[in-house]
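Everything on this sheet refers to the single structure shown next.
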Amino acid sequence: MAHKFIDNYREKGARKKLVEILKDRHIEDEHVLAAIGKVPRHYFFDETFWNQAYKDIAFPIGDGQTISQPYTVAYQSQLLHIKPGDKVLEIGTGSGYQSCILLELGAKVYTIERQENLYNRTKKVLPHMGYHPEFFCGDGSKGIPEHAPYDKIIVTAGAPVIPEVLLKQLKVGGILVIPVGDEKTQKMVTVLKVSETDYEKIVLDTFRFVPLVGDQAW
Ligand code: SAH
């Protein structure tokens, strides 16, 4: 994938419009909107498709991979209530766009992808864009116990149930955001870890994610 990382006025303008679209769709967190306004989403696209990069749609970006819809990325990011310095585990690196948003929010990001080709590609490309999460390849449905506990955990693939092991890897006061449902649709769920044994769960809107495949999932 030969990439030209050029951020022209046209793309900058389109990005501002995307922020307005997300505001209209009730994304209200100013920090999240600012992060969407900063990350050059067209860098993830072949130049031929730059005119698609700032539409609020998911888009195939090669290797059978899709970059998530900006609304979905903003929605999950908003639910995490990221504070600068938060240690965040992201399960499902994919294109790396969500990782960039988390980094712009000031998080220290640990991101894991099970597909080796995607892991290799994103690990190579993101640093060229100036983004430096910690990359891992493997089954994220088990979390990454070596680096636990985390302030926040975000799952960007649809799970059949909330993996218990992820709750264990959260700090007290930490938040897990995960889409839970069947292969077709999922409800966004946030879990606040109130104490070592108590959790507050909130079930929110319906989304459509690719399945979380692994030991603690499909
Ligand atoms: N966050 C991504 C979107 C990812 S799509 C972005 O911003 O573009 C979901 C990704 O989760 C896919 O790449 C899929 O391969 C990956 N995935 C599915 N099950 C997984 C698992 N158990 N561990 C790690 N990654 C997984």
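Assorted remarks:
- Every condition in (1) over 27 Å from GLU200 (Cα atoms); (2) touching a Cys at 6+ places or on another chain (Cβ under 8 Å) holds for LEU118 except the one numbered (2).
- Of all the criteria given as (1) at pLDDT 95 or above; (2) more than 21 Å from PRO163 (Cα to Cα), the one not satisfied by GLY92 is (2).
- When residues of the stretch 55-77 are limited to those that are open to solvent by 30 Å² or more (accessible area, probe 1.4 Å) and among the charged types (D, E, K, R), the one farthest from the ligand (Cβ to nearest atom): LYS55
- Residues in the stretch 185-202 that are touching a residue at least 12 places away in the same chain (Cβ under 8 Å) and part of a loop (DSSP other than H, G, I, E, B) were compared, and the one that is nearest to the ligand (Cβ to nearest atom) is THR185.
- Only one of the listed residues (ILE153, ILE175, ILE144, ILE202) is touching a His at 6+ places or on another chain (Cβ under 9 Å) and more than 23 Å from ARG41 (Cβ to Cβ). That residue is ILE175.
Conditions (1) modelled with pLDDT of 95 or more; (2) touching a strand residue (DSSP E or B) at 6+ places or on another chain (Cβ under 8 Å), marked per residue:
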residue	(1), (2)
ILE144	yes, yes
VAL155	yes, yes
GLU164	yes, no
VAL177	yes, yes
GLU183	no, yes
THR190	yes, yes
VAL194	yes, yes
ASP198	yes, no
VAL203	yes, yes
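- Filtered by the rule that a residue be within 14 Å of the ligand (Cβ to nearest atom), surrounded by fewer than 22 Cβ atoms within 10 Å (Cβ to Cβ) and assigned to a loop (DSSP other than H, G, I, E, B), the stretch 106-148 gives ARG114, GLN115, TYR131, GLY138, ASP139, ILE144.
- Test: residue in the stretch 46-53 that is surrounded by 18 or more Cβ atoms within 10 Å (Cβ to Cβ) and within 14 Å of the ligand (Cβ to nearest atom): yes
- Residue among ASP182, ASP151, ASP205 that alone is touching a residue at least 12 places away in the same chain (Cβ under 8 Å), away from the ligand (no atom under 12 Å from the Cβ), under 17 Å from the mean Cα position of the chain (by Cα) and farther than 24 Å from LYS87 by Cα: ASP205
- Test: residue in the stretch 149-158 that is more than 21 Å from TYR110 (Cα to Cα) and acidic (Asp, Glu): no
- Condition met for LYS193 (open to solvent by 10 Å² or more (accessible area, probe 1.4 Å) and not aliphatic (A, V, I, L, M)): no
- The stretch 68-94 residues that are part of a strand (DSSP E or B), paired with ones that are among the basic types (Lys, Arg) (beta carbon under 6 Å, 6 or more apart): LYS87/LYS108; VAL88/LYS152
The values are calculated or read from the model by the stated rules, or taken from the named source; none is laboratory data. Nothing here was measured: the structure is a model prediction, and the numbers come from that model. So basically every Cβ, Gly included, is an ideal-geometry build from the backbone, and we count neighbours across all protein chains shown. The area values use the complete protein model at the heavy-atom level, side chains included, leaving out ligands, DNA and RNA. Shrake-Rupley method; radii C 1.70, N 1.55, O 1.52, S 1.80 Å.
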